[in-house]
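In what follows, a single structure is set out as structure tokens and then discussed.
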């Protein structure tokens, strides 16, 4: 399994959760009092709105420092677990703070785009959090063995070499040598292996029509009826190899789900940084001009 840090939610997050709920409740109460005291409604330019904006921005910066900490190993302060929990809970808290800052109004085009990106970041983060807690558990429960995802192509190659050896031992010759036409059983086994099994054992199927690793019970049962008992052991070994290849394929797919959400989350965070700076500059510059 990948060595990347997973965002697991467990009992160690309990205090972060309770503090986050407390901060949210206090902030919500303050916002209600703020709304009631504002004759023209809440605005981002009021001192209360500015305060929520500063707090929300600070929270976003804190959450973003999680990735910065990993890129600067010599300047690491605090444990990885601390920053991970802060990234999750402080990052989640920043969203309502920014909503309080805006008074639940989305202003002009820049502010509308900014809020849409922020909402997308929050949603993608929650989706990633769910995946990182669900997928590893499914992998542990449904897979007999796990391996580093980077090793999967190499393991597929090893499985195919092992399958080659099994078939060559059954044929009594190399796969490159075609059995005599009188040896129909060997010819059938060789044809089945080269056409149906071997292409699918590669990490990337060699032909567009190569069957993907799947439930092979029916396919191997049908071939078993066509071959004599002396080849049953070879078929059983091939079926076992096929099933192991299927497991590797499933692991690779789950790994994509496990980390693919970052391909959306991280670029959105960078976009938010640029839009946020533009919003701050314009908010400070426009009143002057």
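Taken together, the values in this text are just the output of simple stated rules run on the coordinates, not laboratory data. Only a predicted model underlies this, so the values are computations on that prediction, with no experimental measurement involved. Neighbour counts are summed over all protein chains in view; Cβ atoms, including those assigned to glycine, are modelled from backbone coordinates with ideal geometry.
Full extension from residue 123 to residue 81: what is 0.36 nm times the residue separation minus their Cα-Cα distance, to one decimal in nm? It would help to have the intermediate numbers written out before the result.
Working: separation 42, 0.36 × 42 = 15.12 nm, distance 2.20 nm.
Contour length minus Cα-Cα distance gives 12.9 nm.
Testing the spin-label approximation: label points 7 Å from Cα along Cα→Cβ at residue 221 and residue 40. State their distance in nm.
7.7 nm
Counting C-alpha atoms alone, how compact is region 149-256: give Rg to one decimal and Dmax as a whole number, in angstrom.
14.0, 48
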